[in-house]
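See structure below.
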Amino acid sequence: MARRRSEASGKAPLTLEVNGETVELAVTPQKTLLEILREDLGLTGTKHGCELGECGTCTVTLDGVPILSCLMLGLACEGKSVRTVEGMAHGAELHPLQRAFADLGAAQCGYCTPGIMLAAEALIAGNPSPTRDQIKDALSGNLCRCTGYIKIYEAVELAAAWMRGEEARPREESLYGER
Amino acid sequence: MANAKGGPAERRTSDRDAFARRVVGRPHRKVDAVAKVLGSTRFADDLALPRMLYTRLLRSPHPHARIVRIDTSRAAALAGVKAVLTGQDLPVAFGILPVSQDEHALAVDKVRYVGDPVAAVAATSEDIATAAVDLIDVEYELLTPITSLDDALRIHEPRIHDYAKHGNLQKVTDLEFGNVETGFAEADHIREDVFFYEGSTHLPMEQHAALAEWSPDGKLTVWASTQTPHYLHQRALARVLSVPASRIRVIACPNGGGFGGKSDPMNHEVVVAKLAMVTGRPVKITLTREEVFYCHRGRHPVLMWVKTGVKQDGAITAMHFKSLLDGGGYGSYGVASMYYTGALQTVTYQVPRYKFQGARAFTNKAPCGPKRGHGTPQPRFALEVQLDKIAEDLKLDPAEMRLRHIVPPQTLTANFLRVGSVGLGACIRKVVDGSGWTTKFRQLPHGRGVGLACSSYICGAGVPIYWNDMPQSGVQLKLDRGGGVTVFCGSTDIGQGSDDVLATIAAEMLGVDLPDVHVVTADTSLTPVDLGSYSSRVTLMTGNALVQAAERAREIVATYAAAKLEVPPHRLVFAGRRVFDGGNSERGVTFVEAVQLAEAAHGTVVTVGSYRTPTAAGRYRGAGVGPSPAYSYSTAVAEVDVDPDTGIVRVERIWIAHDVGQCINPVSVMGQVEGSVYMGLGEAVMEEMPYRDNRNLMHKIPSMLEYKSPTTLEMCDVVTYLVEDPDPNGPFGAKEVGQGPLLPVPPAVANAVYDAVGVRIDEVPITPEKVLRALKDKTKGGVPRFGPTRFPEVPWPEPIRVPPPWEGGDGSALGDAGRQRATAGEQPRTRRSDARQPAAAGRASPVSDREDST
């Protein structure tokens, strides 16, 4: 929750498409997209680590582009399409990124995971076969303190392969270490 | 497949090994992984209750000051403010260690660091609470700040805390295990070196949060991002709020990262509980990132001096180690941290005579405490860099030299630590072979280098934080007539996978599938006590408690299944969701049917299990820190690229081998190893908690942007080797992995920098400035080194002399033969009346002083 908003002024109407559903709200002008998602829409899957645009935890996509929702005013998103982690699974079926992150232990505490998966999804959408360096580059704005990023890279690579329709499996060394 | 690696894992035999393990040791999705990738895990800040109020804290802008007057009237008058608290409303002191009950939820008379909480507001919105905090007027009388270790030694008054032993030195100790002078006299070569390890912070991605609800019938519920719900429950809330522990329920939410930073009961957790009691409404707080920096409890900055004597072949004849810790404004776990800087020097290489002198100072900075590796990365850095220098002095290969002198399995060390399995030799060989060490060491072109270091870590502190005779971990197991299995345990999942450890072991032992197992953890009303997620204790201790509970459940179920199947119960095997005759697998019943048979005949099938640690061998004061049921081992080789023009150190790759005893879930083990390497890399080259070096003593950089931690662009490649040398004390032989693999990384990097450019950086972080300075000195013909050069005079106490086992010692200090076993809190683990004896005998323990007065 961001702090130090000025005292209430009038609310303005806002229409967003969130995870494919149209939502209509009335929000104060200083309210961030992060706050709208978490507090007004109950979409607490989007996390926050600094609320200052430094850690990448609150990443969502806006019209397919990863943005920091803590720095984005809600009213600036009028008419746009927001995608959060809650929109990733297809019904009861996990998104390939979600499957790969779960299988490889790329989510340890799971707090940075939603933001990283959304950033990775945007990467793969524009580049179905990202190299390791391209993945590092795309995720360089997202901090993770648990994993050392290694399993995250491997999960993105695995998911990208699945999304290309390949029959990929985790490398043995990823699961058991080198022999 | 893990078993197919061969090795000692196969040697352990019991009936559960009659059939191959189906769950333990096999990679699988953590039991909580799906919730985490869905974003549906409920962290503390994700919780909201109807009529909830929001809290903000007023924090001190001064590092050291007396509070003269607080006027909260303007804040209280603001519309929407429901309550304002100051220290007068919460006068009872608390603290994680019995020896340092020196914190107040809100400062009572003094503030001791910039960020120390002074007052709190609960209001109908966070904005109003924030506005109200700004309306609180505090008059301070400024006191001389203690800014550094030198200040703490030099300035005796004002004291930050009155209970400190010597001015601003909180605690000093002097332990002698054998005569080191004799050892130095036998040495062919002696080195003395001084090292400094800078402080760093945990930086969990989740900001701390807490939510409290008070019911007019006198019951309190607190949800918090804490690693230690039991301590919050009984050591802080019950104590400070004067509410019986029996009426308080603490629920630890899954932590969004902890790393030790959520191990202390925190001010804000007590404050929201009190505010809920005052207002009768649910009250929540989420700290800002800046506030998380003030909570800190992170890595102690430690200045170290080490003198080591060796024979020509590198065998250590004696070691004398001094450490001086900058503790910040409060005790936290600091006395334990101080002992840890001297405890584990003896468990990697044989040290026949050992002397440790340690001191912890108070300074007016955010309090330090336990961070991943708790008190041991600093001495490990000193020891492993010094060994690298010794190997060079002796013209020995540093890997080979270490291999020769490894502590053998089942050793009782000079300081009476009982070592079990030791996979260190295998670790060294793995990374030496994997990294191509023999073709790289001292052979790479200028600017490139490799370095090696080893380490060891505890698998749980052998003695609890506060004196008691109860188990450290308890598990309750319920078998449902539908075939479901529920594990109840107080352990807290902070991302390390502790819930999955429970599910995996339960599934393995009862022969069910992972989705059949439900795990209920970290709720003081629902779950038996587990002391918490610290000291790498959870897998070993909760695992053993669960093994006991599961064995008891199998016994009940087997009794009635055996009657029906007409086979002896001991022949029954639990596997594949069936219970069947091991000699004839056709003869069996489904697990569901077996549970129903048991429930019909026996009643509800619920069992319990407990784990208590083996008795510590040491009986001297201070012997409570270091003992552990088992020790993990690690070795790292780092390969670096150092730019001589800029001093920038780029760590290209780290080969790491870790002896985990036995993987419970290899996926989690890999993640812990890689995460530890990452955090060690951060400490090696960039992370630091620096303060503005003036009287204001402000934290320089309380933000994630300015506190440099490795991003994807700085993280190195990691090649991981899992070594499985099962320990008889671990569940299925398992040892820890959450902390140990961090330890060898900083010294391996420092040794690699030397290999690359020939300068010794004897402090971390190894920043470009330090490398450049050392290179410049080298060019000018000076000492090619950056680091501290002196260790100050410290008023050490009379040494406690403890003859090592090979000199006939029984673990007692000389002149202290009647002394009982020591505990972490230094209080003998005997009946309370007896506990007074040693204090009366002379060296009065601050623990008992404090405990007796409260």
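Nothing in this text is a laboratory measurement; each read-out follows from the coordinates by a stated rule. Predicted model, so just to flag it, every value in this text is computed and none were measured. Ideal geometry is used to build each Cβ from the backbone, glycine not excepted, and the neighbour counts take in all protein chains shown.
Its DSSP H runs of at least 4 residues, each contributing -39,500 (n - 2.57), put the calculated 222 nm mean residue ellipticity of chain A at -8000 deg cm²/dmol, to the nearest 500.
The value of relative contact order for the range A:12-87, using C-alpha pairs under 8 Å at least six residues apart, is 39 percent. Between B:Arg612 and A:His90, the simple label model (points 7 Å from Cα in the Cβ direction) yields a spacing of 5.7 nm.
The range B:737-782 and the range B:589-633 have Cα centres lying 44 Å from one another. The peptide list B:156-168, B:615-627, put in order of mean Cβ contacts within 10 Å with the highest first, becomes B:615-627, B:156-168. Quick one: grab the alpha carbon gyration tensor of the range B:33-76, order the square roots of its eigenvalues as a ≥ b ≥ c, and give me rounded if a/c is under 1.5, else prolate or oblate depending on whether a/b is larger than b/c. Oblate is the answer for the range B:33-76, as a/c is 1.5 or above yet b/c matches or exceeds a/b.
Before rounding to the nearest 500, sum -39500 (n - 2.57) across all DSSP H runs of length at least 4 in chain B and divide by the residue total; then give [θ] at 222 nm in deg cm²/dmol.
Working: 21 runs with 221 residues, N = 854.
Theoretical 222 nm ellipticity from helices: -7500 deg cm²/dmol.
For peptide A:45-53, compute the average count of partner chain beta-carbon atoms within 10 Å of each residue's beta-carbon. Across A:45-53, the average partner-chain Cβ count within 10 Å equals 6. Taking amide H as placed 1.01 Å from N in the peptide plane, B:Lys82 has its amide H under 5 Å from the amide H of B:Ala122, B:Ala123, B:Thr124, each at least 5 places away in sequence or on another chain.
Can you tally the net charge around B:Ser215? Count Lys and Arg as +1, Asp and Glu as -1, for every other residue whose Cβ sits under 12 Å from the Cβ of B:Ser215.
Working: positive: B:Lys219, B:Arg247, B:Arg249, B:Arg281; negative: B:Glu213, B:Asp217.
Result for the neighbourhood of B:Ser215: +2.
Converting phi to 3J(HN,Hα) with the Karplus coefficients 6.51, -1.76 and 1.60 and the offset θ = phi - 60°, the range A:121-132 yields 4, 5, 4, 5, 4, x, 8, x, 10, x, 7, 4 Hz in sequence order, with x at every glycine or proline. Relative to one another, the C-alpha centroids of the range B:646-698 and the range B:18-48 are positioned 24 Å apart. Think of chain B as having a plus end and a minus end, set by charges on the Cβ of Lys, Arg, Asp and Glu; of B:Val450, B:Val81, B:Ser473, B:Ser473 sits farthest toward the positive end of this dipole. Inter-chain Cβ neighbour count for B:699-712, averaged per residue, equals 4 (cutoff 10 Å, partner chain atoms only).
Spin-label model, B:Ile701 to B:Ala20: label points 7 Å out along the Cα-to-beta-carbon direction sit 5.1 nm apart. In this structure, the amide hydrogen of A:Arg145, modeled 1.01 Å from its nitrogen in the peptide plane, lies closer than 5 angstrom to those of B:Met205, counting only residues at least 5 positions away or on a different chain.
For the peptides B:426-434, A:114-122, B:792-800, residues were scored by their other Cβ atoms within 10 Å and the scores averaged per peptide; the highest-first order is A:114-122, B:426-434, B:792-800. Taking a sphere under 15 Å around the Cβ of B:Glu683 and counting the other residues whose Cβ falls inside, with K and R at +1 and D and E at -1, yields a net charge of 0. Using the Karplus relation 6.51 cos²θ - 1.76 cosθ + 1.60 with θ = phi - 60°, the per-residue 3J(HN,Hα) values for the range B:206-212 come to 7, 6, 4, 8, 8, 9, 10 Hz, with x marking Gly and Pro.
What fraction of the DSSP beta bridges in chain B is antiparallel, stated in percent and rounded to the nearest 5?
Details: 104 of 137 bridges.
So the antiparallel bridges in chain B amount to around 75 percent.
Sorting B:311-319, B:438-446 by their mean Cβ neighbour count within 10 Å, with the most densely packed peptide first, gives B:311-319, B:438-446.
Quote the FRET efficiency, to the nearest 0.05, computed for A:Ala125 versus A:Leu73 with a Förster distance R0 of 25 Å and r equal to the Cβ-Cβ distance. The computed FRET efficiency comes out at 0.50. Close amide H pairs (under 5 Å, H built 1.01 Å from N) link A:Val60 with A:Ile67, A:Ser69, residues at least 5 positions away or on another chain.
Only Lys, Arg, Asp and Glu carry charge here, each on its Cβ (+1 for the first two, -1 for the last two); on that basis the protein assembly as shown has a dipole of about 1540 debye about its Cα centre.
In peptide B:483-495, how many Cβ atoms from other protein chains are near each Cβ within 10 Å, on average?
Values: counts 0, 0, 0, 0, 0, 0, 0, 0, 0, 0, 3, 3, 8.
That average works out to 1.
In chain B, if the dipole is taken from +1 on Lys/Arg beta carbons and -1 on Asp/Glu beta carbons about the Cα centre, which of B:Trp437, B:Gly462, B:His64 is farthest to the positive end? Result: B:Gly462, furthest along the dipole toward the positive end.
In summary, the helical segments of chain B meeting the span-like criteria, namely a full DSSP H run, a Cα extent along the axis of 30 angstrom or more and a mean Kyte-Doolittle hydropathy of at least 0.0, are B:538-565. For the pair the range A:26-92 / the range B:454-492, the C-alpha centres are spaced 38 Å from each other. In this rough spin-label picture, where each label sits 7 Å from Cα along the Cβ direction, the B:Arg154-B:Thr182 distance is 4.1 nm.
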